[in-house]
Amino acid sequence: MNHTHSGVSPKRRTVYYSPRRSARRRSRTLRRVLLLAGAGALCLWACFSLAALIADGPPQESDLPAAAPVQTVDEPAPEEDNTLRIAVDAGHGGSDNGAEGVIKEAEMTEATARALIELLEADDRFSVVLCRDWSVRSTPTERGEEAARQGADLLLSIHGNSWEGSSQDVHGFESYPCVPGSAFYDESMRFAQLVCDEIAAAGGTLRGNGGIRYIYFDEDDNRIIREKGDETVTGMPTFSILEHAGCPALLVEQCFVTSATDVALFGDEDGVRLAAQCYYNAICAWADGLPA
């Protein structure tokens, strides 16, 4: 709050005598005197020492103590990190719940990501890259850039789908790799196929052409979805996390959070662990297929 002057003279402040305050003042004064005296004595000693050194001349080599032999210690060479760096992105999060239905999308994606990280950290072939802090909301572009900054070799972004306006039970799994014509298209597609194979083997329904789709955004930011097999290079942008990851990347819609059928398979406590196991198996197979 701002205060304005009223034109009234301020009241004089009365200071009362305090024996304790006076004792503290005397103590501070004594400490200052002792410090000054000590500093003066130190200066005199330095002057006398310098004068003696000038009078005696520089020390002769015979007067100097023999140098101790230098001992070398064999330090171990730093270990090379030969692990594959897997970026795991739990979609939405922080203050962003994502889609809501039978469950909240952000809760499902975080539970799945944590289960997958647990599997990856138990495997010495992999190290984990987090695209964001768990409690922080960040943009898809920032998440992709964080994966690239940490040198990720592969990125998996986990999301959930939703459907409104119909009593129909819309459900199923779909995935979106880097689009045709992009630098990491081939490896992203290979990973996407491995993931879809695992999901289908676990009982999941694959939407579209085998669960793999491409997504584009036109100049008005409208979504355009094309099925696997249409490798037309459009030049249009796709999901920004895929564009900025700097490595093969895949965004998955793990289940419809509005579908009780889907949630029972891949969205509840057991379901997220099943999905994480599918992703882990696919990551292992993807790594095994890399050139030596």
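The values are calculated or read from the model by the stated rules, or taken from the named source; none is laboratory data. Because the structure is predicted, anything quoted here is derived from the model rather than measured. With ideal geometry, Cβ positions are generated from the backbone for all residues, glycine too; neighbour counts draw on all protein chains shown. Accessible surface areas use protein heavy atoms only, side chains included; no ligands, DNA or RNA. Shrake-Rupley method; radii C 1.70, N 1.55, O 1.52, S 1.80 Å.
Structure notes:
- For the range 159-175, backbone phi angles converted through the Karplus equation (6.51, -1.76, 1.60; θ = phi - 60°) give residue-by-residue couplings of 9, x, 9, 8, 9, 10, x, 7, 7, 5, 7, 7, 8, x, 10, 8, 9 Hz, Gly and Pro being listed as x.
- Taking all protein chains as shown and a probe of 1.4 angstrom, Asp169 keeps an accessible surface of around 70 Å².
- Our coupling estimate for the range 269-280, obtained by passing each phi through the Karplus curve with A = 6.51, B = -1.76, C = 1.60 and θ = phi - 60°, is 4, 6, x, 5, 6, 5, 4, 4, 5, 4, 5, 4 Hz, Gly and Pro reported as x.
- Residue order for Trp286, Trp45 - accessible surface, 1.4 angstrom probe, largest first: Trp45, Trp286
- For Thr139, the solvent-accessible surface computed with a 1.4 Å probe is close to 70 Å², ligands and nucleic acids excluded.
- The local environment of Ile158, defined by Cβ-Cβ distances under 11 Å, has a net charge of -3 under the rule Lys, Arg +1 and Asp, Glu -1.
- For Ala249, residues with placed amide H under 5 Å, excluding near neighbours: Leu155, Cys178, Ser188
- Accessible-area composition of the range 178-217, carbon plus sulfur, in percent [1.4 Å probe]: 51
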